[in-house]
Amino acid sequence: MPGGYWTRVGLTVWDVTTVAAAVLAIIHVGLAAAWVGGMAYSLFVVQPKLKKYFGADQDGRETLTAVIASGNRWKVIGLIVVIALTGGGLLLINHDNWQLHAVKGLLLLIATGIFWYVSWRHWPQRVFATTAELPKLQARLITLATTMLGLAGIAFALGVLAVHL
């Protein structure tokens, strides 16, 4: 039958594209919100509570921080990959405001670079740090995490802006 499956079920190419865009947008925005929210929660809730709870006990704080962070590296990488792929898919469907989306992509790339540094350079340094080195490394992580949160937050805001232009 001419037109294939979608025509037989009464859908046009426009309908299929609209549904595909909606599904990609839900996945893209949902995962981006989860990433931004997770970073904000860690930075503004978990880290201050760990600091308050453990007080001067740096070793206890580091041990629990390592337990909380353990195994999350590949989950975050998967999250970043899906955000990038769904963003690319959305851009293929709708090229409007591609410049904003290019900036979003650049911000994601920079945030990913920071994440790489934190995962493969900063954490190993922190795991093998002496008690005297920990405060400097903890402060560096706060700076890096705040930067990643800012980049991801700006990218999220640009995505909202792009939809409303």
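Derivation of every value follows stated rules applied to the coordinates shown; laboratory data play no part. Since we're looking at a predicted model, the values are computed, not measured. Don't worry about glycine lacking a Cβ; one is built from the backbone with ideal geometry, like all the others, and counts go over all protein chains shown.
Any idea which residue in the range 130-165 is farthest from T65 (Cα to Cα), counting only those that are small (G, A, S) and in contact (Cβ under 8 Å) with a residue 12 or more places away in the chain? The extreme case among them is A162. Filtering the range 97-107 to residues that are touching a residue at least 12 places away in the same chain (Cβ under 8 Å) and either part of a helix (DSSP H, G or I) or on the phi < 0 side of the Ramachandran plot (or both) leaves L100, H101, V103, K104, G105, L107. Taking the range 43-63 as the range and being surrounded by fewer than 15 Cβ atoms within 10 Å (Cβ to Cβ), without any contact (Cβ under 8 Å) to a residue 40 or more places away in the chain and in a helix (DSSP H, G or I) as the test, the residues that pass are F44, V45, V46, P48, K49, K51, K52, Y53, G60, T63.
Evaluation of G71 against the conditions (1) more than 18 Å from A155 (Cβ to Cβ); (2) under 15 Å from the mean Cα position of the chain (by Cα); (3) among the small types (G, A, S) shows that the sole unmet condition is (2). Mind listing whichever residues of the range 64-81 are farther than 25 Å from A129 by Cβ and either surrounded by fewer than 16 Cβ atoms within 10 Å (Cβ to Cβ) or of a type in the set (S, T, N, Q) (or both)? Passing the criteria: G78, V81.
Of the residues making up the range 108-129, just one is loosely packed, with under 12 Cβ neighbours inside 10 Å and touching a residue at least 40 places away in the same chain (Cβ under 8 Å), namely V127.
Regarding A40, is this residue aliphatic (A, V, I, L, M), assigned to a helix (DSSP H, G or I) and either touching a residue at least 60 places away in the same chain (Cβ under 8 Å) or touching a strand residue (DSSP E or B) at 6+ places or on another chain (Cβ under 8 Å) (or both)? It is true that A40 is aliphatic (A, V, I, L, M), assigned to a helix (DSSP H, G or I) and either touching a residue at least 60 places away in the same chain (Cβ under 8 Å) or touching a strand residue (DSSP E or B) at 6+ places or on another chain (Cβ under 8 Å) (or both).
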